[in-house]
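*Asks:* Sharing a structure below in structure tokens format, with a few things to ask.
The values are calculated or read from the model by the stated rules, or taken from the named source; none is laboratory data. Fair warning: this is a prediction, and the values are worked out from it, not measured in the lab. Here the Cβ positions follow ideal geometry from the backbone for every residue, glycine too, while neighbour counts run over all protein chains shown.
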Amino acid sequence: MSEQSIPENAVSAAQNINPAMSASRAVPAVPAPQTVDLSYKMKRNIGLTLEYLFLIGMTIFAIFPLYYVLQASFNATQQLITTTLQLFPQSPTLGDYTYILGQTSFLHWLLNTTLLVGGSTFLGLIISVLGAYALSRFKFKGRLSTLTFLLALQAFPGLLAITAYYQILQSLHLTGTLEGLLLIYTAGSIIFGAWNIKGYFDTLPKELEEAAYVDGASPFRTFWQIMLPLASPSIAATALISFIGGFNEFALANLVLTPNADQSNITVTVGLFSLANNHSTPWGYFAAASVLVTVPLVIIFLLLQRYLQSGLTIGSVKG
Amino acid sequence: MLSKKRFALSMVVAITATAMLLAACGSSSTSGSSGTSVNYSGTITIWDDWTGAYLSAKQQIVNNFMQQYPNVKINLVTVNLDDNKLITTEKSGVNAPDIVAFPVDHIGTLATAGVIQPIDSYESAAQLAQTYTAPAAAGVQFNNHVYGIPEVTEIVTMFYNKSMVSASQLPTTTSQMLTFEQTYAQQHPGDYGLVWPPNDAYYNAGFFYAYGASYIDGQGNTQIGSPASVQAATFLQSFNQYLPKSLNNQTASALFSEGKAAATIDGPWAYDTYAKAIGANNVGFAVLPTVDSTNKPISPFVGGKTFMVTKTATNVPLDVAFMKYFTNESNQVTMCVATGEIPANLAAGNNPQITGNAVISAFFAQTKNGVPFPNTPYMSAVWTPMANALVADFQGNTTPAAAMSQAQSLIQKGVQNISGN
Amino acid sequence: MLQVKKPTIALFLLPTFLFIALINIFPIAYTVYISLTNENTFNEFLQNYHFVGLKNFQSILSEANTALIPVVLLTLLYVAICIGSFLIIGMLTAMILNDKRIRGLKIWRALIILPWAMPSFVTALIWKFLFDYNFGPFNNILRYFTQNVNAGVNWLGSPIPAFIAVVVVNLWLSYPFFTIVILGALQSIPEELNDAAKVDGASTWQRFREVTLPLLVPAITPITVMSGITTFQMFNTVWLITAGGPFTDITKPGATDFVMLYFYNYFTTGAFTNYGKAAATAIIVFILLLIAILAGFRLTGFNREETAK
């Protein structure tokens, strides 16, 4: 009973306040009040301090396990863990890094993976952003059922149908190739991309395009020149998610790719697992390689960061 | 004393005998002269999982072979060895290997799946028995056919840290094992006596076989629910008062490496890590103890790596010739001295360079108490239920009898899943 | 809604549908076909498998009738708790990382997405160790502060702590994903809107609930649903940490035996090598998930706002 009453209250409260809010949406920005009383300032400072504390807490949460990976990567033995509480490994060595970089085709794997996943992310984005726009903005019969249908497809547990993907590639004569994987990774990112970007388009005000259409711009031009730039935060987020998802994929890549003699044609995860054998896993190598792969991923993230900002203001809507 | 071992031995003999019979029938048609008709040209692609020091030692043998036969080109491809991967690759034929160096327990699955071919006409069971150690020769035979040439043998044995305990203090019977755990922990608070992964079906197999229970046979029959098996599980459960509750492969290995455990049970693959961690001079070996009630030594699985010829292999005589070359006495001796692996070749095992090597000879000694690693496909029904049962047993979540009978029912269901349809 | 000519709509949607028809629909159809056969590791290469009708489904469902419902409910509980915590932590982190007063925003953002960038098969085992009863840092820290060597939670050995552990690990793996999407979505809310609400005297919480949240909902619905799907199908990470356990009776589902682990443990003999049964499993999981999604839509009225437009 009480559970039901909460949303009702929330709805009525929202109705009470929302008109004022939506009204203020049309009102040009009002300069912040000049007179700031002390308690407000204190509140602000407490708020900011709390924010910093939360950030520090989250950073510890994020990094704590990674510290152990780092420690394992500098450890002289191939152990993943240590039962001694210690800050640094007892005899740190770069051996695992020199092995990964010198004795394996790691840089090839990294290049292959980056090209493969970069390609599938790019292709997937182009396709899904078009679909997302149509699904968000165009009026057509079956729009809702299309959305539900896409989601339904996503619910299929692909891990259990892995041989089916292999069949497709075999009929296309693409087994053993990165191109074949590219095709499947691309398809894998489309549904999420279309849904995610569509959700973002939904939040954007329609006044902009309506004005453009009234001015006689084609749907493609409106899409390309007005909507696409505005959707950049969502596109960047989607790109990152597709990229990292593809980067860590193992099961399909392992089935599809057959290494050549110098192992230069495989991806990072497939390459890494080839270093393990039936009884022993070289955790030192795995840890070192894990640390190494985060470097390009973080660089890509830093590059994408500026697209996570959007220039959207009420001014731009009105203008 | 040796009823179980004798049984295992007689099985080996029986298998060998039937295989010999079959091979004799086969060889009359293909004639024994196949060795001379080898066409030494072409490319051999080999799938293996060799890395690091292993790879360089093995690459050397490959290079020597190519030098001897300049028209032969051999590609070593390091892959994550996986049955499904091999099956799909063989099916598509793209980049398919000619030889695979898989762990021996894969033979049953791969042979049943039809992706590897019998090589009886090139290497009979009798020849195998002459050239290779008994467990190695038994491991490569499945359904009365020879499916491979054994490369190396693998087994677990007891490692101990000479700076923590002397050889004379080590337990030689199971009752001593328990006393050792207790007294060592009492005398050295915070440290442990003997640690090993109590949750791992492979590491613990030796206990079950020594108590008289087998995991699985070629027909898919299991004795996991038998009284003997419950006895083994009861024995294993009794360690939970002395050992860390959360002991597993990772922590056991870390404890021994960090000098917090006096002894551990592990295989040749772990030697490098331990030698680096506690110093090669401190690593000692001992044969695993004997079970008091049955008077049988703990009998770990004797497995190993085996060369097999795939269905799509183009030049089978050449492939087999290479496999035999790779595993001949002199190559095995050089290789095993470099890698610390246990040779599968009988003569190599008796070579002074090998018998003089403390590490290899320690493992070699343990193989005498071992049982052949089941190579039946039904084995895949054992791993998960057994691992879960061992955890529940060791943690004391269930009685040993309940854990074993539950494992038994799950294994039987798994066997049905494999053989059914 | 914009009124656009049909061919234009078709052009926008065509690439999506082409790819989906080729890569997404075929495997489903193929899986349905395989689920009706007895294909497995042993007859795949030799191609001597044959149709067995609904036998795979029958054998799974007949054995599953006692356990399947508890397993599905357990999985749904896991999904609900995970998604709830992803949303709360993701939202908080994103809002703070969107606060221009914070110094070094770029660095904080990069630090907080790190868990996501590292291969999860390595980090999953690290987490297993962090939760280790005897040697794990969590219990060691607890022992240090309580000065009691016997203190400590048997994280992976008792049911509720093990469940909490796999929630925490999944949170760690997934919250960066939510943070990034919400951070992006926050960009669609013009700052002026918040400022205006501030002038109106709205408190932080009111501003969040009345201004930010309603505008975020359309943008975060997709990840919420998608992440719900992946959590429902969670396998690798949980497998590496608890393998579905702890078990008191290994023939019955363990405390973290979610749908995929349960099927893996009980119906495919520890490996998905019985392709017929694995395919039937896939279809059953697929149908279960579809029911859950449609029920979720019905409950949240997800499609209502769609039609209102």
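*Asks:* Would you be able to say whether some residue in the range C:107-126 is more than 13 Å from chain B (Cβ to nearest Cβ), basic (Lys, Arg), assigned to a helix (DSSP H, G or I) and without any contact (Cβ under 8 Å) to a residue 24 or more places away in the chain?
*Replies:* No, there is no match, as no residue in the range C:107-126 is more than 13 Å from chain B (Cβ to nearest Cβ), basic (Lys, Arg), assigned to a helix (DSSP H, G or I) and without any contact (Cβ under 8 Å) to a residue 24 or more places away in the chain.
*Asks:* Does at least one position in the range A:97-107 carry a residue that is of a type outside the set (A, V, I, L, M, F, W, C) and within 20 Å of the chain's Cα centre (by Cα)?
*Replies:* no
*Asks:* Report yes if A:Leu292 is modelled with pLDDT of 85 or more, within 30 Å of A:Leu66 (Cα to Cα) and surrounded by fewer than 22 Cβ atoms within 10 Å (Cβ to Cβ), otherwise no.
*Replies:* When the stated conditions are applied, A:Leu292 passes them.
*Asks:* Let me ask another. Can you tell me which residue among B:Thr88, B:Thr43 is buried (at least 18 other Cβ atoms within 10 Å of the Cβ), over 13 Å from B:Met308 (Cα atoms) and within 13 Å of chain A (Cβ to nearest Cβ)?
*Replies:* B:Thr88
*Asks:* Here is a check on your reading of the model: is C:Pro70 closer than 30 Å to C:Thr224 by Cα and crowded, with 21+ Cβ neighbours inside 10 Å?
*Replies:* no
So that you can scan it fast, the table gives a plain yes or no per residue for (1) modelled with pLDDT of 90 or more; (2) within 14 Å of chain A (Cβ to nearest Cβ):
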| position | (1), (2) |
| --- | --- |
| C:Lys5 | no, yes |
| C:His50 | no, no |
| C:Glu63 | no, no |
| C:Val71 | yes, no |
| C:Leu74 | yes, no |
| C:Leu77 | yes, no |
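*Asks:* Of all residues in the range B:273-288, how many are part of a helix (DSSP H, G or I), touching a residue at least 60 places away in the same chain (Cβ under 8 Å) and surrounded by fewer than 20 Cβ atoms within 10 Å (Cβ to Cβ)?
*Replies:* Qualifying residue count, the range B:273-288: 2.
*Asks:* Okay, moving on. Kindly establish whether C:Ile20 is in contact with a strand residue (DSSP E or B) (Cβ under 8 Å, 6 or more places away or on another chain) and outside any loop (DSSP other than H, G, I, E, B).
*Replies:* In short, no.
*Asks:* From A:Thr177, A:Thr146, A:Thr163, which residue is among the hydroxyl-bearing types (Ser, Thr, Tyr), out of contact with any strand residue (DSSP E or B) (no Cβ under 6 Å at 6 or more places or on another chain) and facing another protein chain (nearest Cβ under 7 Å)?
*Replies:* A:Thr163
*Asks:* Could I ask something else about it? In the range A:73-104, which residues are at the interface with chain C (Cβ under 10 Å from one of its Cβ atoms), in contact with a Pro (Cβ under 8 Å, 6 or more places away or on another chain) and crowded, with 18+ Cβ neighbours inside 10 Å?
*Replies:* The one that is at the interface with chain C (Cβ under 10 Å from one of its Cβ atoms), in contact with a Pro (Cβ under 8 Å, 6 or more places away or on another chain) and crowded, with 18+ Cβ neighbours inside 10 Å: A:Thr82.
*Asks:* Going by the structure shown, is B:Thr131 modelled with pLDDT of 90 or more, surrounded by fewer than 22 Cβ atoms within 10 Å (Cβ to Cβ), of a type in the set (Val, Ile, Thr) and assigned by TED's automatic domain parsing to the domain that holds B:Thr339?
*Replies:* So B:Thr131 fits the description; yes.
*Asks:* Taking into account only those residues within the range C:157-209 that are surrounded by fewer than 21 Cβ atoms within 10 Å (Cβ to Cβ) and among the β-branched types (Val, Ile, Thr), which is nearest to the other protein chains (Cβ to nearest Cβ)?
*Replies:* Of everything passing the filter in the range C:157-209, C:Val199 is nearest to the other protein chains (Cβ to nearest Cβ).
Quick grid of which residues meet (1) more than 13 Å from every other protein chain (Cβ to nearest Cβ); (2) farther than 24 Å from B:Ala205 by Cα; (3) not acidic (Asp, Glu):
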site	(1), (2), (3)
B:Pro343	yes, no, yes
B:Asn350	yes, yes, yes
B:Gln366	yes, no, yes
B:Asn369	yes, no, yes
B:Pro372	yes, no, yes
B:Ser380	no, no, yes
B:Pro385	no, no, yes
B:Asn388	no, no, yes
B:Phe394	no, no, yes
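*Asks:* For the range C:97-106, state whether one or more residues are assigned to a helix (DSSP H, G or I) and surrounded by fewer than 20 Cβ atoms within 10 Å (Cβ to Cβ).
*Replies:* Yes, that holds for at least one residue.
*Asks:* Next question, about the same structure. Scanning for something at the interface with another protein chain (Cβ under 10 Å from one of its Cβ atoms), modelled with pLDDT of 90 or more and surrounded by fewer than 14 Cβ atoms within 10 Å (Cβ to Cβ), does the range A:26-47 turn up at least one residue?
*Replies:* No, the range A:26-47 contains no residue that is at the interface with another protein chain (Cβ under 10 Å from one of its Cβ atoms), modelled with pLDDT of 90 or more and surrounded by fewer than 14 Cβ atoms within 10 Å (Cβ to Cβ).
*Asks:* Since B:Ile149 meets every condition but one in (1) at positive phi; (2) assigned by TED's automatic domain parsing to the domain that holds B:Asp105, which condition does it not meet?
*Replies:* Evaluating B:Ile149 over (1) at positive phi; (2) assigned by TED's automatic domain parsing to the domain that holds B:Asp105 leaves (1) as the failure.
*Asks:* Next up: Filter the range B:28-76 for residues that are modelled with pLDDT of 90 or more, out of contact with any Leu (no Cβ under 8 Å at 6 or more places or on another chain) and within 30 Å of B:Ala270 (Cα to Cα) and give the result.
*Replies:* Matches in the range B:28-76: B:Thr45, B:Ala57, B:Gln60, B:Ile61, B:Asn63, B:Asn64, B:Phe65, B:Ile74, B:Asn75.
*Asks:* Any idea which residue in the range A:246-268 is surrounded by the fewest Cβ atoms within 10 Å (Cβ to Cβ), counting only those that are part of a helix (DSSP H, G or I) and in contact (Cβ under 8 Å) with a residue 60 or more places away in the chain?
*Replies:* A:Ala251
*Asks:* Residues being on the phi > 0 side of the Ramachandran plot and facing chain C (nearest Cβ under 7 Å): count how many of those fall in the range A:191-226.
*Replies:* So the answer is 0.
Rundown of residues vs (1) within 11 Å of chain C (Cβ to nearest Cβ); (2) touching a helix residue (DSSP H, G or I) at 6+ places or on another chain (Cβ under 8 Å); (3) surrounded by fewer than 22 Cβ atoms within 10 Å (Cβ to Cβ); (4) under 14 Å from A:Ile244 (Cα atoms), yes/no style:
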| site | (1), (2), (3), (4) |
| --- | --- |
| A:Gly118 | no, yes, yes, yes |
| A:Leu123 | yes, yes, yes, no |
| A:Val129 | yes, yes, no, no |
| A:Tyr133 | yes, yes, no, no |
| A:Phe140 | yes, yes, yes, no |
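*Asks:* Could you grab the pairs with beta carbons closer than 7 Å, sequence gap of 6+ or different chains, first residue in the range B:80-104 and touching a residue at least 60 places away in the same chain (Cβ under 8 Å) and farther than 23 Å from B:Gly303 by Cβ, second one of a type in the set (Val, Ile, Thr) and assigned to a helix (DSSP H, G or I)?
*Replies:* B:Ala96/B:Thr89
*Asks:* Is it the case that C:Ile34 is assigned to a helix (DSSP H, G or I) and within 26 Å of the chain's Cα centre (by Cα)?
*Replies:* Criteria not met by C:Ile34.
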